[in-house]
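Okay, structure first, notes after.
The values are calculated or read from the model by the stated rules, or taken from the named source; none is laboratory data. Bear in mind that the values here come from a model prediction, so they are computed numbers and not experimental data. Quick reminder, even Gly has a Cβ in these numbers, built from the backbone with ideal geometry, and neighbours come from all protein chains shown.
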Amino acid sequence: MTPTDSPVATSISPRERVRVFDTTLRDGEQAPGFSMTRTQKLRIAHALAELGVDVIEAGFPQASDGDFASVQAIAQEVRGASICALARCQRGDIETAARALQPAARGRIHVFIATSPLHREHKLGMSRDQVIAAAVAGVRRAAELCADVEFSAEDAMRTEPEYLADVFAAVIEAGATTLNVPDTVGYITPAEMYERIGFLRRSVKGIERAVLSVHCHDDLGMAVANSLAAVAAGARQVECTLTGIGERAGNAALEEVVMALKTRAELFGVDTNLRTSRLYPTARLLAQLTGHTIPRNKAVVGDNAFAHESGIHQHGMLKHRGTYEIMRPEDVGFARSQLVLGKHSGRHALRERLAALGHAPDEAALDQIFTRFKSLADKKREVFDSDLEALALGRDAETLGPWRIVHLHAASHLGGSASASVRLQREDGLQASEAAIGDGPVDATLRAIGRAVGHDFELVEFQIRALSEGGDAQGQATLGVRHAGRELRGRGVSTDIVEAAALAALEIVNRIERSNPATAALAAANHA
């Protein structure tokens, strides 16, 4: 790419719009450790719609009954964005996707097939002509069922450019309205991406009838840079995820792409529909629901993104914020105040602070949050924003009950084993009590809960972190366990870290029971 061909020198008509296609609930949720319940997916989908994304890829309905139900629920409830379902270029996949999307006000079917020589030979066992035929048939069937059809050429960036242009021309004729160019394995560089998008714009017959899109992975750390290079070259849809979650090293981070386009508007000359002040609250919601902490140094939404400790930096900031800040914290939704409420604060103050943090609970939900807030405020002198977020998020219906903890005692001493005893009670009144010895109070507690409900699960991950400041801070415990060949995660919050770990374990137990209540009830009865 020569200097005259560079993105900086490119002249793009001002105020063109780039569509933001969010795949947090599909590609992002596929990443190990990021699976979500249907209720959690709905919460994220509503938050994405409020954020202003154009398209929400809700899932892959053919993958499982759970995926189908999640896509259908999102299509039924979420408005303000197109709801998209993924499908292979196979008739059954496409028809399943269409059924899941039926309740949507605006739906999109996203079909894909691999096009690179490596995939054609080793994965598909298909010739060039066979791949084109399958792509055309898939798009044609999707177009019969949905007015908005996106086609993705999997591994496009390792596909012969001329052949890729032929594939795209064929699917445009078949009815595709968006053409996606995925860098499926994160192999490409920004200069190559810029050249490839330019080539496709010049070479694909009928390209003026479709929107060109990119979907970049971060295997070499260039997903955002590649996405921006594509926009500079004329792509008008970017596929991304909140905080960059996704397969392997993840996807292009939505907040980074959007804020780069906004901060460097004079360079790119494009707009998005996003309400950027919702970026930080939405990223925090995802982190809370999945139990994965946002790194402090994460661009745009990390806690250190607008923190300045260096004396030189602080001096410059006092003179003029622009010396070391290229974005305003409020533009991405950072709250200026951290210390907010105490035990004398009222319901109105709580509602106002929750609204500032991006939460708008209805009256019934606010009543429950206020009750928990008062209980927490009795234990803590100062309730911070992060404490309020934990209260607002609470737990969803799929992880609540049927078990609850009615007694928990744990003890340990230096140089010896720890012990714990628990008593649990089900909604139907059945109680189960157990005690156990472990390497520490948390280990002993988890063993006791497992014995009480009759489930063996292998602990594969345990994290604990303070949600706010001070010795009385709430701790969030996140557990990852392996049970019956599946990895499950649970989250618990308490000012007592042992209780937080117990609540996280209980969330996992309840999820297991809800997925197979008969087996779980029998196991519990045998251990009661």
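What the table shows:
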read-out	value
Tally of residues being surrounded by fewer than 19 Cβ atoms within 10 Å (Cβ to Cβ) and closer than 27 Å to Ala31 by Cα across segment 461-489	12
Answer residue from segment 444-460, given it is without any contact (Cβ under 8 Å) to a residue 40 or more places away in the chain and within 15 Å of His409 (Cβ to Cβ) and is surrounded by the most Cβ atoms within 10 Å (Cβ to Cβ) among those	Ala448
Leu86 touching a residue at least 40 places away in the same chain (Cβ under 8 Å) and more than 20 Å from the chain's Cα centre (by Cα)	no
Of residues in segment 428-469 being part of a loop (DSSP other than H, G, I, E, B) and touching a His at 6+ places or on another chain (Cβ under 8 Å), the one modelled with the highest pLDDT	Gly454
Verdict on Val493 being surrounded by 21 or more Cβ atoms within 10 Å (Cβ to Cβ), under 22 Å from the mean Cα position of the chain (by Cα), touching a residue at least 24 places away in the same chain (Cβ under 8 Å) and outside the structural domain of Arg351 (by TED's automatic domain parsing)	yes
So Arg489, is it touching a Gly at 6+ places or on another chain (Cβ under 7 Å) and modelled with pLDDT of 80 or more	yes
Test: residue in segment 203-211 that is within 25 Å of Ala133 (Cβ to Cβ), at pLDDT 95 or above, assigned by TED's automatic domain parsing to the domain that holds Thr115 and part of a strand (DSSP E or B)	yes
Any hit, segment 215-223, residues being touching a residue at least 60 places away in the same chain (Cβ under 8 Å) and part of a helix (DSSP H, G or I)	no
Residue match in segment 59-66 (condition: crowded, with 23+ Cβ neighbours inside 10 Å and out of contact with any Lys or Arg (no Cβ under 8 Å at 6 or more places or on another chain))	no
Count - residues of segment 411-431 that are aliphatic (A, V, I, L, M) and under 15 Å from Ala505 (Cα atoms)	3
Test: residue in segment 132-154 that is of a type outside the set (S, T, N, Q), out of contact with any Phe, Trp or Tyr (no Cβ under 6 Å at 6 or more places or on another chain), surrounded by fewer than 22 Cβ atoms within 10 Å (Cβ to Cβ) and farther than 21 Å from Gly92 by Cα	no
Qualifying position, being assigned by TED's automatic domain parsing to the domain that holds Gly206, modelled with pLDDT of 95 or more and not in a helix (DSSP H, G or I), among Leu179, Leu164	Leu179
